[in-house]
Amino acid sequence: MLAHLLILIVSGYLALVSPGLAQNPNEDTPLPAFPETEIFLFEYDMAKSDDPLSDGQNVTKRPGYDNQPFFTNDSRTFLYSRDDGTQTDIWEYDIASDTHTQLTATEQSEFSPTPSPDNQTISMVFERNFSIWHFNRGIAHAPAWLLETARIEEPVGYFARNYETGDILFWSRYGFSLSLTHSDKPGHHFITGHAVPAAPHVIPGTNHFSFVHRQTNEQVWIKALDPETKAVRPLTQIVGSNANYTWTLDGSILQIEGTALFRWHEDSDGWMKISDLSDHGLASANRIAVSPDGKRMAVVGIPAE
């Protein structure tokens, strides 16, 4: 039987756990229940400090799990992980045509789709061995093990890949640690333990990464990593308990706590609440992505009844 990876979204949406096993027709064990989440798409005006969101739409609007949106470099589409009741596959949403296209159809689940700048290669966390795999669009049915040459034995929960430099920062789902590796070089470099289960990011306009770290004093911080020097620099404490966040084109960080949307910039005086998603039809939300052109925002949440 095949182990199914489930990203469990509850009150902080922070736990990455391994749910039940694949269903045998002769067994009474229920199929894994993926959390019900939708992806909402908004117009985003980063110049506004008072509710920069407008024209919100529930673009998935179906029963089931729709999560982990990642915009392509041209800002015309985003990739996301979507379940069919038993497993997840990678799908793509085209904004202009309002259409959804399935990109993978393997026998196991895929998560965290990360497209290359030309959107021809897509990296992902693959349930086959909880490692990072990738595929070319023309042969999506045959993904290849990206970290095979690096001999990474730790199971990967989340990762960020810099396609330009080849650097990859990944979070170990059992070790709660972060390590730096490279797509073309063997080995990996341990960065830190006590890492919170949240996706790291490539910081826009740099080759640096950001990640979330729980310090020994229990404060939870977003920090920056220079992959060249391995130096780590604290940026800001997170708001509340939700460790999911994203970067915007102007170097700001966005984070959601409950239905409140907050923005932080290094030159600003801490976090500022800029919107309440309950005013836009959401009962709760936790994950967020902003398009590379800075004009749209995807929010994962639950619609208000």
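The values are calculated or read from the model by the stated rules, or taken from the named source; none is laboratory data. What you see is a predicted model; the values in this text were computed from it and never measured. No Cβ is skipped: glycine too gets one built from the backbone with ideal geometry, and neighbour counts run over all protein chains shown.
When ILE132 is tested against (1) surrounded by fewer than 23 Cβ atoms within 10 Å (Cβ to Cβ); (2) at pLDDT below 95; (3) not aromatic (Phe, Trp, Tyr), only condition (1) is not met.
Does HIS189 satisfy the condition of being in contact with a Pro (Cβ under 8 Å, 6 or more places away or on another chain), within 27 Å of GLY205 (Cβ to Cβ), modelled with pLDDT under 95 and surrounded by fewer than 22 Cβ atoms within 10 Å (Cβ to Cβ)? Spelling it out, it is not the case that HIS189 is in contact with a Pro (Cβ under 8 Å, 6 or more places away or on another chain), within 27 Å of GLY205 (Cβ to Cβ), modelled with pLDDT under 95 and surrounded by fewer than 22 Cβ atoms within 10 Å (Cβ to Cβ). Out of PRO113, PRO63, one residue alone is surrounded by fewer than 16 Cβ atoms within 10 Å (Cβ to Cβ) and within 22 Å of ILE288 (Cα to Cα). It is PRO63.
Okay, residues lined up against (1) aliphatic (A, V, I, L, M); (2) more than 25 Å from PRO117 (Cβ to Cβ):
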residue	(1), (2)
SER179	no, no
HIS194	no, yes
ALA198	yes, no
GLY205	no, no
PRO227	no, no
THR246	no, no
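From the list ILE39, ILE7, which one is of a type outside the set (S, T, N, Q), modelled with pLDDT under 50, crowded, with 16+ Cβ neighbours inside 10 Å and within 14 Å of the chain's Cα centre (by Cα)? Give the steps one after another, and end with the answer.
Values: ILE39 fails: modelled with pLDDT under 50.
Being of a type outside the set (S, T, N, Q), modelled with pLDDT under 50, crowded, with 16+ Cβ neighbours inside 10 Å and within 14 Å of the chain's Cα centre (by Cα) holds for just one of ILE39, ILE7, which is ILE7.
For the stretch 264-283, taking the residues that are crowded, with 20+ Cβ neighbours inside 10 Å and part of a strand (DSSP E or B), the one that is farthest from the chain's Cα centre (by Cα) is identified as SER275. Pairing residues of the stretch 48-60 that are at pLDDT below 95 with residues that are outside any strand (DSSP E or B) and small (Gly, Ala, Ser), at Cβ distances under 6 Å and at least 6 apart in sequence or on separate chains, gives no pairs at all. Whether any residue in the stretch 224-239 is of a type in the set (Val, Ile, Thr), touching a residue at least 40 places away in the same chain (Cβ under 8 Å), assigned to a loop (DSSP other than H, G, I, E, B) and surrounded by 15 or more Cβ atoms within 10 Å (Cβ to Cβ) is what I want to check. There is no residue in the stretch 224-239 that is of a type in the set (Val, Ile, Thr), touching a residue at least 40 places away in the same chain (Cβ under 8 Å), assigned to a loop (DSSP other than H, G, I, E, B) and surrounded by 15 or more Cβ atoms within 10 Å (Cβ to Cβ). Pick out the one residue from ASP269, ASP226, ASP276, ASP250 that is under 22 Å from VAL59 (Cα atoms) and among the acidic types (Asp, Glu). Only one candidate passes the filter, namely ASP276.
From the list ILE122, ILE203, the one residue that fits, being out of contact with any Pro (no Cβ under 7 Å at 6 or more places or on another chain), of a type in the set (A, V, I, L, M, F, W, C) and either under 23 Å from ALA289 (Cα atoms) or crowded, with 19+ Cβ neighbours inside 10 Å (or both), is ILE203. The residue list ALA298, ALA243 contains one member that is surrounded by 21 or more Cβ atoms within 10 Å (Cβ to Cβ), touching a residue at least 40 places away in the same chain (Cβ under 8 Å), out of contact with any Lys or Arg (no Cβ under 8 Å at 6 or more places or on another chain) and not in a strand (DSSP E or B), which is ALA243. Looking at (1) in contact with a Ser or Thr (Cβ under 7 Å, 6 or more places away or on another chain); (2) of a type in the set (Lys, Arg); (3) without any contact (Cβ under 8 Å) to a residue 40 or more places away in the chain, which is the only condition LYS185 fails? So the condition that LYS185 fails would be (1).
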